[in-house]
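Please treat every number below as a calculation from the coordinates, not as lab data. All values reported here derive from a predicted model rather than from experimental measurement. Counting neighbours? That spans all protein chains shown, and the Cβs are built from the backbone with ideal geometry, glycine included.
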Number of protein chains: 2
Amino acid sequence: MARQRTFDRDLALEQALRAFWRRGYEATSIAELTAAMGIKPPSLYAAFGDKRRLFEEVVARYQRTYGAFTTRALAEEPTGRQAIERVLREAAAEYADAAHPPGCMIVSSAVNCGPESAEVEELLRDHRKEATAALKRRIDDDLAAGRIPAGTDTAGLAAFYACVIQGMSTQSRDGAGPAELRRIAALAMAAYPPATAT
Amino acid sequence: MARQRTFDRDLALEQALRAFWRRGYEATSIAELTAAMGIKPPSLYAAFGDKRRLFEEVVARYQRTYGAFTTRALAEEPTGRQAIERVLREAAAEYADAAHPPGCMIVSSAVNCGPESAEVEELLRDHRKEATAALKRRIDDDLAAGRIPAGTDTAGLAAFYACVIQGMSTQSRDGAGPAELRRIAALAMAAYPPATAT
DNA sequence: CACTTTCTTTAGTGATCGCTACAGAAAGCA
DNA sequence: TGCTTTCTGTAGCGATCACTAAAGAAAGTG
């Protein structure tokens with residue numbers, strides 16, 4: 001065989017994730033990435049392809065680590081209301097966690113993109129649409145189970161909670177702490193339809 | 001005297017505003033700006049200083065044109081509740097207006113910034129903080145007038161509505177139309193405290 | 001007509017962008 | 001000890017970044 005890689009690919013990917021999370025896709029240069037990852041450009045390109053593929057891999061990693069709480073909350077709670085409430089509560093904790101950059105990487109890392117990064121912008125947009133659809137599915141469960149009034153606009157509710165989550169991301173990047181985000185989350189629950197009598 | 005400027009400075013500023021609004025501060029290059037403004041770089045630098053000062057002038061213009069509806073709504077409505085409701089309703093119309101780029105420029109044009117644009121990022125952050133403070137002042141009016149319960153967390157409410165407004169900006173940039181934004185705005189009003197009996 | 005002044009244009013500056021050719025270094029097999 | 005293979009580091013590719021020196025063009029004053 002031959003010489004093996006001397007750096008930890010997974011650790012380097014995590015460092016790239018932090019860099020992209022902090023500054024966003026376009027504003028994070030290869031020079032900044034290689035400095036954060038502790039490697040030189042040729043090693044980066046050999047291990048990850050190019051900047052875009054590295055970012056796509058970073059997004060996948062983000063989804064199964066820092067962003068996984070949404071999927072878990074939606075899967076594990078018995079009702080749509082409880083699922084939404086838990087997503088908001090955990091987002092408040094996660095977005096303002098000082099152990100990593102603030103906010104949601106899916107929301108904030110490809111906002112200001114030139115035309116050559118339109119595909120990256122679209123990738124994150126698709127993730128946001130899918131997350132909104134996942135919210136709607138759980139709210140639809142409540143509707144189907146008769147826990148909320150018939151005729152409830154579940155798509156509108158899902159859009160509202162997606163809106164709040166995205167706003168919470170912006171708020172945390174503007175310095176809001178977990179307590180402030182929790183208060184926002186609590187207020188947002190006032191919009192959830194009243195439970196129907198069973 | 002001497003030769004006069006041959007382009008319309010105000011019109012050129014408006015074109016720069018559109019360009020920055022669409023792509024953001026850093027992602028909009030001087031080449032893109034000059035193309036949009038119909039002038040060459042030296043004319044831009046003679047008339048506006050540099051990229052940062054042009055952007056600052058663009059932000060000021062945005063505040064007194066496209067963004068002025070918030071100030072008006074907050075100043076003209078008799079109660080805090082009505083003021084917040086009108087801000088949300090008009091934001092829904094404004095952010096999704098097809099006559100200009102979607103969303104709010106103050107929210108979305110300096111999200112992904114390198115270290116050399118930190119001051120621009122801070123400028124917009126300050127504007128957002130001030131907008132949130134303006135919301136709080138009107139909610140405090142309702143509190144002082146006894147229209148909402150004593151002990152209401154007005155700072156939390158202001159943060160919530162700022163969060164919703166910022167989320168609506170993101171939603172519109174993801175393709176939400178005015179009707180969808182109006183539904184979000186209507187749901188957000190459910191969080192406003194119930195009017196106290198007088 | 002000059003002459004001055006300020007605009008606009010052309011054509012570039014050095015720096016940085018994403019990315020890579022090439023050579024040196026390291027690891028397994030003979 | 002080669003020899004092969006693949007990684008790593010140096011150094012630099014063309015393109016683009018924000019920005020500007022220098023010359024041409026236009027408008028006013030004599």
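See the values below:
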quantity: Net charge over other residues, Cβ less than 11 angstrom from the Cβ of B:ARG81 (K, R count +1; D, E count -1); calculated: -1
quantity: Radius of gyration and Dmax over the Cα atoms of region A:1-89, both given in Å; calculated: 16.9, 56
quantity: Burial ordering of B:PHE69, A:PHE55, fewest other beta-carbon atoms within 10 Å first; calculated: B:PHE69, A:PHE55
quantity: Measure of compaction for chain A (Cα Rg per 2.2 N^0.38 Å); calculated: 1.17
quantity: Dimensionless Rg over Rh [region B:63-128; C-alpha; Kirkwood]; calculated: 1.05
quantity: Between region B:112-157 and region A:24-82, the Cα center-to-center distance that results, in Å; calculated: 32 Å
quantity: Charge-dipole axis of the protein assembly as shown as Lys and Arg at +1 and Asp and Glu at -1 on Cβ define it, positive-most pick from A:ALA19, B:VAL87, B:VAL164; calculated: A:ALA19
quantity: Chain B - mean residue ellipticity at 222 nm from DSSP helices (-39,500 (n - 2.57) per run, n ≥ 4, rounded to 500); calculated: -21000 deg cm²/dmol
quantity: Whole-number Å³ per residue for the convex hull built on Cα positions in the protein assembly as shown; calculated: 163 Å³
quantity: Taking only Cα atoms of region B:111-198, radius of gyration then Dmax in Å; calculated: 16.0, 54
quantity: Summed residue charge, Cβ within 10 Å of A:LEU181's Cβ, Lys/Arg positive, Asp/Glu negative; calculated: +1
quantity: Cβ-defined net charge surrounding A:GLY67, 13 Å radius [Lys, Arg +1; Asp, Glu -1]; calculated: 0
quantity: Within the protein assembly as shown: Cβ-based charge dipole about Cα centre, in debye rounded to nearest 20 (Lys, Arg +1; Asp, Glu -1); calculated: 240 debye
quantity: More than 13 angstrom apart: percent of Cα pairs within region B:122-163; calculated: 51 percent
quantity: Förster radius 25 Å - calculated FRET efficiency between B:ALA118 and B:ALA98 (Cβ-Cβ, nearest 0.05); calculated: 0.15
quantity: Estimated FRET transfer efficiency (A:ALA60, B:ARG53; beta-carbon r; R0 45 Å; 0.05); calculated: 0.65
quantity: Charged-residue dipole, Cβ positions (Lys, Arg, Asp, Glu), region A:1-133 about Cα centre, Debye nearest 20; calculated: 300 debye
